[in-house]
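A.B. asks: Sending over a structure as structure tokens; questions will come in a sec.
The values are calculated or read from the model by the stated rules, or taken from the named source; none is laboratory data. Note that the structure is a prediction, hence the values are computed from the model and not measured. Positions of Cβ are backbone-derived with ideal geometry, glycine not excepted, and every protein chain shown enters the neighbour counts. Surface accessibility is based on the protein's heavy atoms, side chains included, excluding ligands, DNA and RNA. Shrake-Rupley method; radii C 1.70, N 1.55, O 1.52, S 1.80 Å.
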Amino acid sequence: MADIHTQVKDAVHTTASEKSIFTELEKQRVLRKIRSGDIQSTKKSNQFVPKLVTSIAVAGFLLFIGGIIGSNMENNNKTSQSNTVADAEKFYPNLQDGEVLNGWRLLTKGPSDGAKREQNGLLHAVFQGEAQITGTLKYYDKDDSERPDQILFTPDKLSLQSLPVETGRHPDLTFESNEQRKLKAVFGLGTNRMDIGEVTLVVDNYTARYLKGKTLPDTVGIKEIVLPEEPEVQSTPFHIQINQSQKLELPTVLLDRYAQFKDTKDKQILNGLSPSEVFQLFFYAEELKDYETQYSLFIDDEEYLRVFETYEDYLIAKQQNPSTSLLEQVKAGTLFEHIIDKTSATVSIEAETTGLSFGLSKNKHGIWCVNWLPIQ
């Protein structure tokens, strides 16, 4: 642009200096007209000559500038096209149509939808193949500024090895609108932004996208959504002991464990107990209003969010909201222990018209503990 300004300035100076100044002969002709008294004729001449010279100057100026601008536009177009061609050479540089990358065959590579390179520079590489991939689904809600109401999938590192992805890239993946709707329905997406881990998909087409200076997601087609198998739940009924005063009691073995745990608060004392036995310890503490021992039965691994940071916080909550009715439901209900998997279990409290579930988890030492906010 600076070169254009310089050329225009030179053009104006050259045109004005060569064509807008009267020659000596023209000066003499004007002088004779004035002396002869032909003022009207002189005025006409004075009007005609400058206008003619100015018109010539302007015409020359416009032709000159048009040539400069046209030349520069042509050069810019050539430069833009050259840059895009250079970018295209870096986009899957060693892969030609029909060749295979990580089990995927390249169908076509080039400008998006046949667009001219100098228009937008967007490149596509379309592959055909099939792979099962695992990763995280990310849903962006309708108020998101960049991706409103959109789903992205981030494959894990192992899945990248089964996709036609160039070395060093770890792209997010997106889907066509109809497949996005299907994913929303299957995983219950569509209200708040959320991430869903360990989602497995089978994909059968892949479109890589490239635009210089931007990070774009690639697009995949879904052949199948692989849903996790429902765990086989082991259910075992059990009973709790109630004395003549309708107070909950513990078997002798559990009572000894309770006494040791009450004194030390050491979870190793709970090692080897089943979820149903820890459940009984929890509600025995409820019967005694021994909330400090009860508080110590909650899981305390770092990855679990503590609902009550301290025992004092828990005590205040218990005093404000006593759970007498829950204890009575435990005494009157039918109880089942459900082992969901190696680290999760529930105890169901079933009555004639209602049912509750009490959750427990194994801590990092393999000991069953009570979940925070266990009643569901």
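A.B. asks: Val203: net charge of surrounding residues, Cβ under 11 Å, Lys/Arg +1, Asp/Glu -1, itself excluded?
C.D. replies: Local net charge: -4.
A.B. asks: I've got another one for you. Run the numbers for Asp172 and His365: contour at 0.36 nm per residue of separation, minus the present Cα-Cα distance, in nm.
C.D. replies: 65.8 nm
A.B. asks: With both bridge residues required to lie in the range 162-239, what share of the DSSP beta bridges run antiparallel, to the nearest 5%?
C.D. replies: Rounded to the nearest five, the antiparallel share is 80 percent.
A.B. asks: Hey, got the dipole for the range 160-201? About the Cα centre, +1 on K and R Cβ, -1 on D and E Cβ, debye to the nearest 20?
C.D. replies: It comes to approximately 180 debye.
A.B. asks: Under a 1.4 angstrom probe, counting protein chains only, how are Leu315, Leu270 ranked by accessible area, largest first?
C.D. replies: Order by accessible area, largest first: Leu315, Leu270.
A.B. asks: Hey, another quick one. Just to confirm my numbers, what's the Cα centroid distance between the range 188-226 and the range 271-298 in Å?
C.D. replies: Comparing the Cα centres of the range 188-226 and the range 271-298, I get a distance of 45 Å.
A.B. asks: Summing Lys, Arg as +1 and Asp, Glu as -1, what charge do residues with Cβ under 13 Å from the Cβ of Ser357 carry, Ser357 excluded?
C.D. replies: Spelling it out: positives minus negatives among the neighbours equals -2.
A.B. asks: Okay, moving on. Work out the FRET efficiency for Asn321 and Met194 from their Cβ-Cβ distance, taking R0 = 45 Å, and round it to the nearest 0.05.
C.D. replies: 0.90
A.B. asks: Report the label-to-label distance for Thr236 and Lys212 in nanometres (one decimal), using points 7 Å from each Cα along the Cα→Cβ vector.
C.D. replies: Here the answer is 6.9 nm between the modelled labels.
A.B. asks: Then there is this: Which peptide among 259-268, 141-150 comes first, and what is the full order, when sorted by highest mean count of other Cβ atoms within 10 Å?
C.D. replies: Top of the packing list down: 259-268, 141-150.
A.B. asks: Given a Förster radius of 35 Å and the C-beta distance between Gln246 and Ser145 as r, what FRET efficiency does 1/(1 + (r/R0)^6) yield to the nearest 0.05?
C.D. replies: For R0 = 35 Å, the calculated efficiency reads 0.05.
A.B. asks: Report the calculated FRET efficiency for Asp290 and Thr134 (r = Cβ-Cβ distance, R0 = 51 Å), to the nearest 0.05.
C.D. replies: Efficiency computed from Cβ-Cβ geometry: 0.65.
A.B. asks: Extending each Cα 7 Å along its Cβ direction at Phe308 and Thr334, get the distance between those two points in nm, one decimal.
C.D. replies: Using points 7 Å along Cα→Cβ, the separation is 3.2 nm.
A.B. asks: Calculate the spin-label point distance for Asp266 paired with Lys342, positioning each point 7 Å from the Cα along the beta-carbon direction, and give it in nanometres.
C.D. replies: 2.7
A.B. asks: Continuing with the same structure: Just the Cα atoms of the range 159-232, one point each, no solvent: what log10 I(q)/I(0) does Debye give at q = 0.25 Å⁻¹?
C.D. replies: Calculated log10 I(q)/I(0) at the listed q: -1.37.
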